[in-house]
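One structure is given below, encoded as structure tokens.
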Amino acid sequence: MQTNLADFIKNTHEGEEADAILRKCVHCGFCTATCPTYQLLGDELDGPRGRIYLIKQVLEGKEPTAKTQAHLDRCLTCRNCESTCPSGVQYGRLLDIGRKLVEDRVPRPLSQRIVRTALKEALPRKWLFTPALKAGQLMRPLLPKALQNKVPAKQDAGVWPVRQHARKMVLLDGCVQPAIAPNINAATARVLDALGVQLIVAAKAGCCGAIRYHLNDQDGGLVDMRRNIDAWWPHVEAGVEAIVMTASGCGVTVKEYGHLLQHDPAYAEKARRISELTRDLSEILPDFGAELQRKLNGKIGKRVAYHPPCTLQHGQQIRGKVEGILRAVGVDVHLCEDSHLCCGSAGTYSVLQPELSYQLRDNKLANLHATEPEMIVSANVGCLTNLQSGTQMPVKHWIELLDHILRTFVPAQSDRAPSYNTQQ
């Protein structure tokens, strides 16, 4: 694709990156075949190729409009198109650049500004979000269905192991997950504890930065990233083996810290190291495959449907690992038809684009139910919450399944009897 960048963006870091991405695009259109919004709307401008043209026009000096903004807003950032693209176009990065340029030039209506500001200010701050969610859970039976969908039922976290182990890893606790689904991180700590690994939570770490960054407050997102790096760095210097991600949406962002902060002289090297150390949980447990098989094989007689999150299969390009872990310990795992498509959660998308989000959710659930599972499992809190809002069938993180079986059916050896604490 030929480009002719306007003076305002030429010779900037963003301009050079966008130009390189654009020049890889060969207009083939393979991306439209796997774009969820194009499949629903049938509009070229609501597919990756059309959005690339819109961003290219803005970069070349054409003034964007509210229509430009609407087409970019409707993108899920699922990055399915990146998995399909034969030319390696980094569409997600181009979209971040394009959306920010449009955001700076097209004023939003007041109603949109209020909602987006509330999301980017409240969600990343646990001290704001957690009390608000608890209040919503108390009032949940009285809320209309649309609001109940956004307020999941209260969940018990269970106990947190306190044993010391020579092997240590750091966990990103996250921002909304500890309130919405606190058992995910606790279950991860218990499973790793049973495998001889101590999981550490850095007290000052918080939101990975994705929420603010993808709501076009990129400076705010980078502040969150730097704070996490500062919180984790003493543990990195102490020799932790990995930084563990239990939410693939966070994982894809932390793995990009090195790129996003590459021009920050104070953080570039640290950010690169943090990204190198970051592992999705599904990348860690295969190393313990033999021990897991010994403990769990034949004890899990469940038929489950697995929904691979977009941030895992397209963002991080991790496929097959969760299914492999579960099948190795005896779980009957099934992928549904169109398993490559987004469930409609996509971070704050389900709030900002509810009509499209619900269509995608319902399509996904219909396909998942068609596999006749006893349970649906996934690997990202947003997917779990979104899918659970549309079904009575249990929707859990896959690590919760392993943890339940370990606690229920596997007796602890006397020399490794676990001790637990309800506090992290």
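The values are calculated or read from the model by the stated rules, or taken from the named source; none is laboratory data. Nothing here was measured: the structure is a model prediction, and the numbers come from that model. Please note: Cβ atoms are built from the backbone with ideal geometry, for glycine as well, and neighbour counts cover all protein chains shown. These area figures cover heavy atoms from the full protein model, side chains too; ligands, DNA and RNA do not enter into them. Shrake-Rupley method; radii C 1.70, N 1.55, O 1.52, S 1.80 Å.
Can you compute log10 of I(q)/I(0) for the chain with the Debye formula, treating each Cα as one identical point scatterer, at q = 0.09, 0.11, 0.13 Å⁻¹?
Treating every Cα as an identical point scatterer, log10 I(q)/I(0) equals -0.56, -0.85, -1.20.
Keeping all protein chains in position, work out how much accessible area Asp19 exposes to a 1.4 Å probe, and write it in Å² to the nearest 10.
For Asp19, solvent-accessible area is about 30 Å².
Using the crude model of +1 on Lys and Arg Cβ and -1 on Asp and Glu Cβ, and no other charge, please compute the dipole size for the chain relative to its Cα centre, in debye to 20.
800 debye
Tell me, what is the per residue accessible area of the chain in Å², probe radius 1.4 Å?
Each residue of the chain exposes 43 Å² on average to a 1.4 Å probe.
Once you have the Cα-Cα distance between Thr117 and Thr130, take 0.36 nm times their residue separation minus that, and quote the gain in nm to one decimal.
2.9 nm
Quick query: amide H of Lys396 versus all other amide H atoms, modeled in the peptide plane; which residues come in under 5 Å with a sequence gap of 5 or more or a different chain?
For Lys396, the qualifying residues are Ile376, Val377, Ser378.
Using a 1.4 angstrom probe with every protein chain in place, what is the largest-first accessible-area order of Phe30, Phe129?
Putting Phe30, Phe129 in descending order of accessible area: Phe30, Phe129.
Would you mind getting me the FRET efficiency between Glu337 and Gln155? Use the beta-carbon distance for r and R0 = 22 Å, nearest 0.05.
Working from the Cβ atoms, E equals 0.15.
Please report, as a whole percent, how much of the solvent-accessible surface of the chain comes from carbon and sulfur atoms (probe radius 1.4 Å).
53 percent
No partner Cβ under 4.7 angstrom, meaning no disulfide-compatible partner by this rule: which Cys of the chain qualify?
Those would be Cys25, Cys28, Cys35, Cys75, Cys85, Cys336, Cys343, Cys383, since no other cysteine Cβ in the chain comes under 4.7 Å of theirs.
Under a Cβ-only charge scheme (Lys and Arg +1, Asp and Glu -1), can you give me the dipole magnitude of the stretch 165-282 about the Cα centre, in debye to the nearest 20?
Around 220 debye, computed over the stretch 165-282.
If you take every residue apart from Gln218 with its C-beta less than 9 Å away from the C-beta of Gln218, what net charge results, scoring Lys and Arg +1 and Asp and Glu -1?
-1
Which of Ala266, Ala186, Gly206 sits farthest toward the positive end of the charge dipole of the stretch 180-329, with +1 on the Cβ of Lys and Arg and -1 on the Cβ of Asp and Glu?
Working it through, the farthest residue towards the positive pole turns out to be Ala186.
Just list whichever of Lys10/Lys67; Lys295/Lys396; Lys302/Lys396; Lys150/Lys396 have alpha carbons separated by over 18 Å in the model shown.
Over 18 Å Cα-Cα: Lys10/Lys67; Lys295/Lys396.
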